[in-house]
Amino acid sequence: MGTQKERMLAGELYIADDPELAADAARAIRLTEEFNATAAADAATRRAALVALLGEVGEGTEVRPPLRVDYGTYISIGPRTFVNTGAVFLDVARITIGADVQIGPNVQLLTPTHPVEPGPRREKWEAAAPITIGDNVWLGGGVIVCPGVTIGENTVVGAGAVVVKDLPANVVAVGNPARVVRSV
């Protein structure tokens, strides 16, 4: 059966109200506050706070505050990626962002899921599914990526789109739910 953290990382139902997970979340809150409080002119301190918070940060990657995460340690961002202000990356499952990705303001990458049935949801059970963003993807402002989604390399997702299923490489997708409108 495993600990609640092991269950969470395996994508199984788990209870988030667990001392080990609470300690991990408290760490993330502290490091997120440090990152978000750094002055724009203090790039070295901002980078150090980001590296301490996230699991992996590629060379030349820039993330502009404010940033919100659940744990941070389950987020990997490739080199030369740009994340604009207001990002919400809920990393109950792994979030993998490739190289040279452009992420617009107020983008949400949401890995948590909750049971549809009212009983387990009332009992606070939840689960998660990973999100993968391929190399050279552009997510326009306000895009929401739902649990379990993979977006292929070079794909562009238009502002405000809600991505509920995988998108292939080399396409433009828009809308709610996001749908492919052309190839690139």
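The values are calculated or read from the model by the stated rules, or taken from the named source; none is laboratory data. Bear in mind the structure is a predicted one, so any value in this text is a computation, not a measurement. Because the Cβ atoms are built from the backbone with ideal geometry, glycine has one as well, and the counts that use them run over all protein chains shown. Ligands, DNA and RNA are stripped out before the accessible areas are found, and what is left, the full protein with its side chains, is counted by its heavy atoms. Shrake-Rupley method; radii C 1.70, N 1.55, O 1.52, S 1.80 Å.
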**Report entry** Sequence-distant residues sharing a close amide H with T81 (under 5 Å, placed H)
**Finding:** T61, E62, D100, V101
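Antiparallel as a % of all DSSP beta bridges within the chain, to the nearest 5? Mind showing how you got there, number by number?
Working: 8 of 39 bridges.
The antiparallel fraction comes to roughly 20 percent.
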Query raised in the report: Over the chain, what is the mean sequence separation of C-alpha contacts under 8 Å (at least six apart), divided by residue count, expressed as relative contact order in percent?
Result: 14
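Could you give the C-alpha radius of gyration of region 29-69 expressed as a fraction of 2.2 N^0.38 Å, taking N as the number of residues it contains?
On the way: Rg = 9.1 Å, N = 41, 2.2 N^0.38 = 9.0 Å.
In units of the globular-protein estimate, region 29-69 measures up at 1.01.
To the nearest 500 deg cm²/dmol, what mean residue ellipticity at 222 nm is calculated for the chain from DSSP H runs of n ≥ 4 alone, each contributing -39,500 (n - 2.57), summed and divided by the residues?
Details: 4 runs with 41 residues, N = 184.
When only DSSP H runs of four or more count, the value is -6500 deg cm²/dmol.
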Requested in this report: Express the Stokes-Einstein translational diffusion coefficient of the chain in µm² s⁻¹, to the nearest whole number, given a Kirkwood radius over alpha-carbon pairs, 25 °C and a viscosity of 0.890 mPa s.
Outcome: 147
Report summary line: For Y71, the residues 5 or more places away or on another chain with a placed amide H closer than 5 Å to its own amide H are D91
**Report entry** Heavy-atom surface of region 39-184, accessible at 1.4 Å and reported per residue (Å²)
**Finding:** 45
Report task. Using DSSP to define loop residues, name the trypsin sites (Lys or Arg not before Pro) in region 111-180 whose beta-carbon has at most 16 other beta-carbon atoms within 10 Å. Result -> K124, K165
Query raised in the report: Tell me, what % of the accessible area of region 34-87 is carbon and sulfur with a 1.4 angstrom probe?
Result: 54
